[in-house]
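What follows draws every value from the coordinates through simple rules; no lab data is involved. Only a predicted model underlies this, so the values are computations on that prediction, with no experimental measurement involved. In this analysis, Cβ positions are derived from the backbone assuming ideal geometry, glycine residues included, and neighbour counts consider all displayed protein chains.
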Amino acid sequence: MNSFLRVFVLSAYVTLVLGVTAKEVTSPAFLSSIEKWWGPLGQEGKISEDIRPFKIQFTDEMVNDLRNRINNRREVTKPLEGVGFEYGFNSNNLDYWMDFWANKYNFTEREEYFNQFPHFKTNIQGLDIHFIRVKPDVPEGKPVVPLLMMHGWPGSIREFYGAIPIITEYNEQRGFGVEVIVPSLPGFGFSDGATRPGLGEVEIAAIMKNLMARLGFDKFYIQGGDFGALIANNMVTFYPEKILGYHTNFPISLAPGSLLTYFAGSLNPLFQSMVVDSSLAGRMYPILDVVSGLVEESGYLHMQATKPDTIGIAMSDSPMGLFSWLMQSVSGGSRRAYKSRVDGGLSILYSPETLIDDVMMYWTENKFTTAVRVYAESINKRTIGMGITSIPTSVPTCTIHAKDEIIYESPNMLKFKFTNLLRSTVLDSQGHFLAMEAPEIFAEDVLSALELFLDNVDNNNQIGDSSTRKPLFQLPPLKGVENIKNAVSKLFNH
């Protein structure tokens, strides 16, 4: 092994042994500091905290302006010969999508579709937060549990529309109902964005906790994917006494033990077998292929994390530009193989209405800029330096992994962060936008996780098997830090 790799592994090992202190970012002083006022200065304590009914509206003025911009769009540059989505959105598809949006997308029907669930707004820390709240119809005396579900980017509340009826439908065999709360994250959809810098994933965690408190829930369950998962990671770290269980389709751990485990698995087959089941090793290795794929699909991330307002100006002015920017990420996150397709595979997995519904959540109230600012406020030295993804949490956790998810971390990696990992479901298909692509599979797994949480399962951190679908598997966990110590010892003895 070359000296650089030895130094890297040794450094990671030292970090693992020393551990990561959670005292600072879980202290009362810190938790109090992130509950800032994000609204207009001078208005604190003066804005109503009532919960107000809300309806999504596509006004004639907005629709006419949108159609005018689409119909008077400029001709765009043709793509290079023989390419699909390798250079981004293939402009040969734009005429189809723009014609559908302007002439075939029924704004009245889609407005009714959005309003099929009860919508509300309430002011949290100076920001009007929009949310869906669906209560189940349960027999008298049956328990109802609250579930907060958080979307990501370039998603929206629209991601969960197919899953909400399944999750909230009462099942006698299950014996409990689920009340679902689905907010538009601050700056997204119909929720206000901050008026000053600093509102990132850390601070949004406090807003989400306070939203649930406003609704009367001191303790509750959470679900998150994409940025919603990052916010949820913060919540289970900051408020473990309030989060009864956590389900995620985008589990991430950057704990030193997780990283060391990952890199150790790249050294030889023996170490790799300790890290990941052989049937799933291709999702994690070779490391160079994984990193190359991430870099190739993350151009948007650097722009949004550094100059969100600049790209926001372009997106706010052009529906064609906005659609292209959002849909290149939907394509890339849905299937890696779709990159070579001229249409990006968009119509294979989603209806045109579904995709334009999602874009409307950014266009209707001009929320692209405030939405992508969350990248700049989260992917920075301040937030990363907190090391929150490294701090272990004992909140009961269940994960589900789509085949084409952006990142796959094995249970043996995740357990350094999620020490009470009850179950890890692995799918042989699907992608990053699981709730939108496969609402039945998503909803089933959420409900199954809630059953585990409610049963107060204690299986000594063993990864449980699930009978809901194949392929699923059961992996023995790493036995504490000892296996890693032994692996590193063997490494440096050769």
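If each residue of separation counts as 0.36 nm, what is the full-extension length gain between residue 29 and residue 419 once their alpha-carbon separation is subtracted? Before the final figure, lay out the partial values.
Working: separation 390, 0.36 × 390 = 140.40 nm, distance 2.52 nm.
The residue 29-residue 419 span can extend by a further 137.9 nm.
Among 212, 149, 284, 303, rank each residue by its count of other Cβ atoms within 10 Å, from fewest to most, as a rough exposure measure.
On the way: 212 23, 149 26, 284 20, 303 16.
The fewest-first ordering by Cβ neighbours comes to 303, 284, 212, 149.
Grab the beta carbon distance between residue 341 and residue 174, set R0 = 35 Å, and tell me the FRET efficiency rounded to 0.05.
After rounding, the FRET efficiency stands at 0.30.
May I ask you to sort 428, 404, 358 by Cβ crowding, counting other Cβ atoms within 10 Å and putting the fewest first?
Values: 428 11, 404 20, 358 24.
Sorted ascending by nearby Cβ count, the order is 428, 404, 358.
For the chain, what is the relative contact order in percent, using Cα pairs closer than 8 Å and at least 6 residues apart in sequence? Display every interim value, and only then the final one.
Details: 822 pairs, mean separation 94.2, N = 494.
Value for the chain: 19 percent.
Just in region 73-143: which chymotrypsin sites (Phe, Trp or Tyr not before Pro) are loop by DSSP and have at most 10 other Cβ atoms within 10 Å? List each step's numbers first, then the result.
Values: sites: 85, 87, 89, 96, 97, 100, 101, 105, 107, 113, 114, 120, 131; in loops: 85, 87, 89, 105.
Counting only loop positions with at most 10 other Cβ atoms within 10 Å, none of the chymotrypsin sites (Phe, Trp or Tyr not before Pro) in region 73-143 qualifies.
Going by amide H atoms built from the backbone, whose H comes under 5 Å of the H on residue 425, apart from near neighbours?
Correct list: 399, 400, 401.
Positive end of the charge dipole of the chain (Lys, Arg +1 and Asp, Glu -1 on Cβ, about the Cα centre): tell me which of 175, 400, 298 has its Cα farthest that way.
Selected residue: 298.
Residue 197: net charge of surrounding residues, Cβ under 9 Å, Lys/Arg +1, Asp/Glu -1, itself excluded?
Working: positive: 196, 373; negative: 377.
For residues surrounding residue 197, the net value is +1.
When the Karplus curve 6.51 cos²θ - 1.76 cosθ + 1.60 is applied with θ = phi - 60°, which whole-Hz ³J(HN,Hα) does each residue of region 163-180 get, with x for Gly and Pro?
8, 4, x, 5, 5, 8, 6, 6, 10, 4, 5, 6, x, 8, x, 10, 9, 9
Less than 12 Å Cβ to Cβ from residue 354, Lys/Arg counted +1 and Asp/Glu -1: what total charge do the surrounding residues give? Working shown, then result.
Numbers: positive: 110, 158; negative: 159, 353, 357, 358, 437.
Summing Lys/Arg as +1 and Asp/Glu as -1 gives -3.
Quick one: grab Rg to one decimal and Dmax as a whole number for region 251-404, Cα atoms only, in Å.
Cα radius of gyration and Dmax of region 251-404 are 18.5, 55 Å respectively.
Could you tell me which label, among [x] 23; [y] 17; [z] 43, carries the value of percent of Cα pairs over 42 Å apart calculated for this structure?
Of the labelled values, this structure produces [y].
Straight-line reach from residue 135: which aspartates and glutamates have Cα under 20 Å away, leaving out those fewer than 8 places along the same chain?
50, 112, 159, 169, 172, 179, 218, 440, 444, 445, 451
Just to check I understand the Karplus step: with θ = phi - 60° and J = 6.51 cos²θ - 1.76 cosθ + 1.60, what whole-Hz values come out for region 422-434, glycine and proline as x?
Result, ordered by residue: 7, 7, 10, 8, 10, 9, 9, 7, 6, x, 5, 9, 4 Hz.
How large is ³J(HN,Hα), in whole Hz, for each residue of region 33-44 in order, when computed from phi with the Karplus curve 6.51 cos²θ - 1.76 cosθ + 1.60 and θ = phi - 60°, using x for Gly and Pro?
For region 33-44, the Karplus curve yields 5, 8, 8, 7, 8, 9, x, x, 4, x, 9, 4 Hz.
Which number gives the lysine pairs in region 338-448 that have C-alpha atoms under 24 Å apart and are eight or more places apart or on different chains? Before the final figure, lay out the partial values.
Working: 339/403; 381/417; 403/415; 403/417.
Number of lysine pairs found: 4.
Given +1 on the Cβ of Lys and Arg, -1 on the Cβ of Asp and Glu, and no further charges, what dipole in debye does the chain carry about its Cα centre, rounded to the nearest 20? Intermediate values should be presented prior to the final figure.
Values: 43 positive and 54 negative charges, 281 e Å.
Dipole about the Cα centre, nearest 20: 1360 debye.
Sum up the charges of everything whose Cβ sits under 12 Å from the Cβ of residue 236, counting Lys and Arg as +1 and Asp and Glu as -1, but leave residue 236 out. Let's see the in-between values first.
On the way: positive: 209, 242, 417; negative: 241.
Around residue 236, the surrounding residues sum to +2.
Under 5 Å between amide hydrogens, which residues at least 5 positions from residue 150 or on another chain qualify, with H placed 1.01 Å from N in the peptide plane?
Amide H to amide H, under 5 Å and 5 or more residues apart or across chains, residue 150 pairs with 223, 224, 225.
Give the order of 201, 409, 35 when sorted by the count of other beta carbons within 10 angstrom, beginning with the fewest. Mind dumping the intermediate values first?
Numbers: 201 23, 409 26, 35 14.
Ascending Cβ contact count within 10 Å gives the list 35, 201, 409.
Going out from 0 in 10 Å bins, what whole percent of all Cα-Cα distances in region 328-406 drops into each bin?
Cα pair-distance distribution for region 328-406, in percent: 14, 27, 36, 22, 2.
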